Amino acid sequence: MKYKEWKSLWHTCGGPTRDDLWTKYSHNRRAYNAAYFREETTINSNLERGMAAFAHWEMKMTRQSRSQEQYSAGVAAARAFVETLAAGEMRANADFVFVSIDFEGGLQNRAGITEFGIAKMDTRDTVGKTVDAYSSVSTISGHNYLLAKCRKQHCMFGNTTRIDKPQLAATIKAELNIPDGQLKAQRRIVLVGHGLHNEQLILERHGIKLGDMDAVVGILDTSQYGMGGSLETLLDRLYLPLPRNRNGMADSLHCAGNDAHFTLRALLALLYLQHEGSAGSGGEVEILDKLARGPLPLRQSKTQLEDEKEDADLEYDLFVDSGFFEE
C-alpha cells in the first residue's frame, strides 16, 4: 500500500473499522501516519522499490558512461580519418566504415517500428583519391527496409525491401556485419545517427547491445555535433542540398533510408568545417565537402514510384523465400 492510500484510510474507511482504527491510535492521526513507516510490509515494499530504483539508476549511469566512452572513441576515429585524408595514406586507426542508421516509428509509437534505414561510407574508398573522383551517390551506399503492411515512402538513395517485424533484429545484425575481404574478418564500424540515443534504445529492445559488438569501435551523434535541433534544421544550417515540395516542405525526410543518408552527409560537412584548412600536401580534405554537398538523385515520377513499389514487393518475396531467417 502506498503512503497516500494509507493516509486516506483514516477518513475513508467507515463503520466499525474506522472506530477500531481511531481507538487503536487514540484518535491521533499523526501517530497513525507515522505507523506506516513501521509496518513490516511497508518496510519491505519500500526496500524493494528503493533497490529497483537504484538498479535502474545504476544501469542508466553505466549506459551513459559507456556511451560517453563510445562517443569519445568515435570522435577520435573521425579525427584520425580526416588526418589520414590530409596525409593521403591509409592508417590503421582510420580504416573503418561509417554506418549511419535511422528508424521511423518508435517504442512509444502504436505501430512500432515502421522503417529501418542505413547508409554506409567506407574510408578505403576515399583516402588517397582526388576530389574530382567522387560523387556522393556512388561513395555512400544505402538501403531502406520497410516493415510489412506499413505505408511506403520513396527512398532516394537506395532500394527498398519489405520485411516482417520478427525479421528486423536479424536484418539489423546482417547490415552491421561487414566482412573484410582483405583480412577475412569483420570491418570496424563507427556508428552514426541523429539523436543516436533513441536508436540505441531501439537496438537494445531488439537484443542488440553495442557494447557486445566488437566491430563497433565508436559512435557519433550529429545532434551533439550540431548543437541540437532536428535533422532538417542541421541540414539548413549547413546549407546542404535538401529537396522541398511546392509548399516548401522537406518531404523527403522521415523516410529512414533518406534520413540515414542525409545524417551521414551532415557528419561529413561538420568534419570538413571542423578541420578546414588542415589538408597536407598529399591529401584532399575537400573530399568531405564535395561528398556532403554533392548533387541529389532526380526525384521520381508517380509512374516510377509505382514501379519501385512493385520491385519492393518482389524483393520482399525473394527476401523471405531465400530462407535467410529460417531457424
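None of the figures in this text is laboratory data; all of them are computed from the coordinates on show. Predicted model, so just to flag it, every value in this text is computed and none were measured. Ideal geometry is used to build each Cβ from the backbone, glycine not excepted, and the neighbour counts take in all protein chains shown.
Taking other C-beta atoms within 10 angstrom as a stand-in for reagent exposure, Lys209, Lys290 fall in the order Lys209, Lys290, fewest first.
Taking a ≥ b ≥ c as the square roots of the eigenvalues of the Cα gyration tensor, an a/c ratio of 1.5 or more together with a/b no larger than b/c marks region 193-275 as oblate.
How far is it, in nm, from the label point at Leu107 to the one at Asp251 when both lie 7 Å from their Cα along the line to the Cβ? Those two pseudo-labels are separated by 3.3 nm. Local charge for Phe103 was computed over the other residues whose Cβ lies under 11 Å away, with Lys and Arg +1 and Asp and Glu -1, and equals -4. Compared with the alpha-carbon gap, the fully stretched path from Gln186 to Ser141 is longer by 14.4 nm at 0.36 nm per residue.
Put simply, the amide H of Asp180, placed in the peptide plane, has neighbours under 5 Å in Ala185, Gln186, Arg187, leaving out anything fewer than 5 places away on its chain.
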